[in-house]
Amino acid sequence: MTDSSQASRITFIGAGNMASAIFGGMLDSGYPAAAITATSRSQERLDAIAAQYPVNTTRDNLAAVAEADVVVLAVKPQMMRELCLSLREAVQARRPLIMSVAAGLEAATLEQWLGGELPVIRCMPNTPSLVGAGASGLYANARVDAAQRSLAGELLGAVGLVEWVEEEAQIDAVTAVAGSGPAYCFLFMESLEAAGIALGLAPESARRLALQTVYGAAKMARESEFEPAELRRRVTSPNGTTERAIQSFQDAELARIVAEAAEAAAERARELS
Ligand code: NAD
């Protein structure tokens, strides 16, 4: 629990899905609502936020920045340049920590659009953050101090796991593993569901079994003292059903297929930044 009079004041510019997931998680973990401000261009969106969360809301980005210790930029990447240019004077007057959750925008680019020489943290969260089970990669530029790093970890930590990377280019690898990763898992669920239907299960039943199996395996792997490879070996009895299936995956070179898919995602992330 953070004391509201001492808490860093955090402004979220762009109170959309990702921003509300993060401040919702912070409120759940005891961060004082009075220290959080959310802005949007849409009054309707702000009314919806105010009805659900006790945070401050305003359409005035500049006033919200003037008060902030941390500014979280949470608009779509294509809106970011125009937004940064509009905030430039207010940001340079206050010099808050800047955090961006926008995919593909380098810290130096944001710094330049905002007028230069600012502490910037680039975050790559993923969609399970919206249900409190995210996996985020964070990169801090050289102007970020230890207290700011710790606060940023607390922010993203409110919606899931946080991993720091030391090189900004590693954010592309985070994108390839965690950012795009949920879709790989959804694809696997779809395939398992289709396989179940092909084997004679009722469609709804196949879906429920596929989802619960992936969920249960992930929960078990997280909670176990053993690494996934060991858990796999432990459920693979010699000459059993699982061994036959695993052999089929290995014959099809599943590890190579996954590596190539992740490389393709990282390549695309590099093209976009
Ligand atoms: P969203 O569309 O839900 O939210 C964006 C919000 O910004 C909207 O409410 C919009 O009204 C507001 N906005 C736009 N311009 C503004 C301005 N000038 N001033 C104030 N508000 C403004 O989008 P989202 O899904 O929350 O994504 C936001 C950012 O998070 C994006 O950059 C995206 O790349 C990143 N991100 C999202 C996810 C995700 O799972 N949703 C995952 C990783 C990264």
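Filtering 20, 29, 5, 42 for residues that are surrounded by fewer than 18 Cβ atoms within 10 Å (Cβ to Cβ) and either among the basic types (Lys, Arg) or within 12 Å of the ligand (Cβ to nearest atom) (or both) leaves a single hit, 42. Of the residues 51, 64, the single one that is within 10 Å of the ligand (Cβ to nearest atom) and either without any contact (Cβ under 8 Å) to a residue 12 or more places away in the chain or touching a strand residue (DSSP E or B) at 6+ places or on another chain (Cβ under 7 Å) (or both) is 64.
Considering each of 222, 268, 208, 232 in turn, give the residue that is without any contact (Cβ under 8 Å) to a residue 60 or more places away in the chain, of a type outside the set (Phe, Trp, Tyr), surrounded by 12 or more Cβ atoms within 10 Å (Cβ to Cβ) and within 27 Å of residue 138 (Cα to Cα). Step by step, each of 222, 268, 208, 232 is checked, and only 268 is without any contact (Cβ under 8 Å) to a residue 60 or more places away in the chain, of a type outside the set (Phe, Trp, Tyr), surrounded by 12 or more Cβ atoms within 10 Å (Cβ to Cβ) and within 27 Å of residue 138 (Cα to Cα). Quick check: anything in the stretch 152-167 under 22 Å from residue 263 (Cα atoms), without any contact (Cβ under 8 Å) to a residue 40 or more places away in the chain and part of a helix (DSSP H, G or I)? Looking for residues that are under 22 Å from residue 263 (Cα atoms), without any contact (Cβ under 8 Å) to a residue 40 or more places away in the chain and part of a helix (DSSP H, G or I), one finds none in the stretch 152-167, hence no. Residue 154 falls short on exactly one of the conditions (1) of a type outside the set (S, T, N, Q); (2) away from the ligand (no atom under 13 Å from the Cβ); (3) modelled with pLDDT of 95 or more, and that condition is (3). Scanning the stretch 222-258 for residues that are among the charged types (D, E, K, R) and in a helix (DSSP H, G or I) returns 222, 223, 230, 232, 233, 234, 243, 244, 251, 256.
Within the stretch 123-147, restricting attention to residues that are among the small types (Gly, Ala, Ser) and more than 16 Å from the ligand (Cβ to nearest atom), the residue that is surrounded by the most Cβ atoms within 10 Å (Cβ to Cβ) is 140. Residues in the stretch 162-188 that are surrounded by fewer than 17 Cβ atoms within 10 Å (Cβ to Cβ) and of a type outside the set (Phe, Trp, Tyr): 163, 166, 167, 168, 169, 170, 182, 183, 185, 187. Selection of the stretch 110-142 for residues being assigned to a helix (DSSP H, G or I), over 8 Å from the mean Cα position of the chain (by Cα) and not hydrophobic (A, V, I, L, M, F, W, C) yields 111, 112.
Filter the stretch 67-83 down to the residues that are part of a loop (DSSP other than H, G, I, E, B) and within 11 Å of the ligand (Cβ to nearest atom), then identify the one that is nearest to residue 154 (Cα to Cα).
74
Could you check how many residues of the stretch 84-103 are within 10 Å of the ligand (Cβ to nearest atom) and surrounded by 20 or more Cβ atoms within 10 Å (Cβ to Cβ)?
Within the stretch 84-103, the subset within 10 Å of the ligand (Cβ to nearest atom) is 84, 86-87, 100-103.
This time we only want the ones that are surrounded by 20 or more Cβ atoms within 10 Å (Cβ to Cβ), so: 84, 87, 100-102.
Number of matching residues: 5.
The values are calculated or read from the model by the stated rules, or taken from the named source; none is laboratory data. These figures come from a predicted structure and were not determined experimentally. Glycine gets a Cβ as well: all are built from the backbone with ideal geometry, and neighbour counts include every protein chain shown.
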